[in-house]
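The values are calculated or read from the model by the stated rules, or taken from the named source; none is laboratory data. Just so it is clear, the model here is predicted, and its values are computed rather than measured. Cβ sites come from the backbone with ideal geometry, for glycine too, and all protein chains shown count toward neighbours. Areas reflect the complete protein model, heavy atoms only, side chains present, ligands, DNA and RNA absent. Shrake-Rupley method; radii C 1.70, N 1.55, O 1.52, S 1.80 Å.
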Amino acid sequence: KGLKDPVKLKVLTILNEKYSIVEADFYRAELEVVAAGPARDVGFDRSLIASAAHDDRVCAYPALRAELDTLHPTYTTVTILTDKEEIGSVGNTGLHSDYVRHYLEYLAENAGISYKDMIQNALCLSSDVSAAFDPTFPDVYEPGNSCYLGKGCVLTKYTGARGKSGSNDASAEFVGKLRKVMDDADVSFQTAELGKVDIGGGGTIAYILANLDMNVIDSGIAVQNMHAPYEVISKVDLYETLKGYEAFLKNA
């Protein structure tokens, strides 16, 4: 009785009893609110997975799994899991930081080679999801240039808004090389853009890596309901993307 904020006190009491948290701990806290509940199979054939935050966990997992499983690559392989992509890749853990460039410079120095030569010959997949065609909202898609659930890994030559604004645009030579790698490994893949020009669109971190002078293309998994509490992907697409990442690391 007479407390200014009894709800706050009750919440802090529960947090302290359960986790030994006090109010001052919130000064340094990094809190995220996420959808509750486990991932779930979807469909009569259970071919789909519904879960929170497929974007971008569903791309980070096969990227890491492929790196760990690639034991004898033709060339040196590097997989970078970076932070803050959804808010502009800011801070010293986001890709706008020079931490990646510094790491690659150390890598070149330790190998006794030129950083410039290494970076100019580097090939990179920017692992990110793409927007799967949604028949519920067809007006924001171009059906002939969209990705679809169940048709394999998605290669996105360019992203951006209002056409290609703010995007990377992969070279024809790199796309051709990547197609051969995927075909030789019998990987099912599709090409797409992120929605209808001037209506859809979106950005990834590919352009940041391209600005380092790398060859880079977006490659990932088709997602429906992107950024919703529950996003939906195809198990087939996840498997084919893993196969594609493994083939790229071994043979590109």
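Among the criteria (1) in a loop (DSSP other than H, G, I, E, B); (2) under 22 Å from MET226 (Cα atoms), the one ILE21 does not fulfil is (2). Restricting attention to the range 160-184, and to residues there that are surrounded by fewer than 17 Cβ atoms within 10 Å (Cβ to Cβ) and within 26 Å of PRO138 (Cα to Cα), which single residue is modelled with the highest pLDDT? Ranking the qualifying residues of the range 160-184, first place goes to ASP169.
Just checking, does the range 97-117 include any residue being closer than 30 Å to ASN225 by Cβ and within 27 Å of the chain's Cα centre (by Cα)?
Narrowing the range 97-117 to residues closer than 30 Å to ASN225 by Cβ: none.
No, the range 97-117 contains no residue that is closer than 30 Å to ASN225 by Cβ and within 27 Å of the chain's Cα centre (by Cα).
Answer yes if at least one residue in the range 60-68 is open to solvent by 60 Å² or more (accessible area, probe 1.4 Å), within 24 Å of ALA252 (Cβ to Cβ) and hydroxyl-bearing (Ser, Thr, Tyr), and no otherwise. Within the range 60-68, one or more residues are open to solvent by 60 Å² or more (accessible area, probe 1.4 Å), within 24 Å of ALA252 (Cβ to Cβ) and hydroxyl-bearing (Ser, Thr, Tyr).
Is there a residue in the range 122-130 that is exposed (fewer than 12 other Cβ atoms within 10 Å of the Cβ) and either at pLDDT below 95 or at positive phi (or both)? So that I can check it myself, show each step before the final result.
As a first pass, look at the range 122-130 and keep what is exposed (fewer than 12 other Cβ atoms within 10 Å of the Cβ): none.
Within the range 122-130, not a single residue is exposed (fewer than 12 other Cβ atoms within 10 Å of the Cβ) and either at pLDDT below 95 or at positive phi (or both).
May I ask you to verify whether ASP41 is open to solvent by less than 80 Å² (accessible area, probe 1.4 Å) and either of a type in the set (A, V, I, L, M, F, W, C) or over 17 Å from LEU209 (Cα atoms) (or both)? Spelling it out, ASP41 is indeed open to solvent by less than 80 Å² (accessible area, probe 1.4 Å) and either of a type in the set (A, V, I, L, M, F, W, C) or over 17 Å from LEU209 (Cα atoms) (or both). Of the residues making up the range 172-183, not a single one is closer than 15 Å to SER219 by Cβ, part of a strand (DSSP E or B) and touching a strand residue (DSSP E or B) at 6+ places or on another chain (Cβ under 9 Å). I'm checking my understanding of the structure. Among residues of the range 185-207 that are touching a Leu at 6+ places or on another chain (Cβ under 7 Å) and not aliphatic (A, V, I, L, M), which one is most open to solvent (accessible area, probe 1.4 Å)? The selected residue is THR191.
Within the range 143-159, the set of residues being over 24 Å from GLU85 (Cα atoms) and either surrounded by fewer than 16 Cβ atoms within 10 Å (Cβ to Cβ) or within 13 Å of the chain's Cα centre (by Cα) (or both) comprises PRO143, GLY144, ASN145.
Out of all the residues in the range 102-149, which are of a type in the set (Val, Ile, Thr) and free of Cβ contacts under 8 Å to residues at least 12 places away in the same chain? Lay out the reasoning, then the answer.
Filtering the range 102-149 for residues of a type in the set (Val, Ile, Thr) gives 113, 119, 129, 136, 140.
Residues satisfying the conditions are ILE113, THR136.
Among the residues of the range 208-252, not one is surrounded by 21 or more Cβ atoms within 10 Å (Cβ to Cβ) and basic (Lys, Arg). The set of residues in the range 84-106 that are in contact with a helix residue (DSSP H, G or I) (Cβ under 6 Å, 6 or more places away or on another chain) and under 24 Å from LEU31 (Cβ atoms) contains only LEU95. Every listed requirement among (1) over 17 Å from ALA247 (Cα atoms); (2) open to solvent by less than 40 Å² (accessible area, probe 1.4 Å); (3) under 23 Å from the mean Cα position of the chain (by Cα) is met by VAL140 save one, (2). Residue check: is ASP98 open to solvent by less than 70 Å² (accessible area, probe 1.4 Å) and out of contact with any Lys or Arg (no Cβ under 7 Å at 6 or more places or on another chain)? Against the criterion (open to solvent by less than 70 Å² (accessible area, probe 1.4 Å) and out of contact with any Lys or Arg (no Cβ under 7 Å at 6 or more places or on another chain)), ASP98 does not qualify. Taken together, ALA35, ALA50, ALA63 contain a single residue that is part of a loop (DSSP other than H, G, I, E, B), under 21 Å from GLU231 (Cα atoms) and either touching a Leu at 6+ places or on another chain (Cβ under 8 Å) or touching a residue at least 60 places away in the same chain (Cβ under 8 Å) (or both), which is ALA35.
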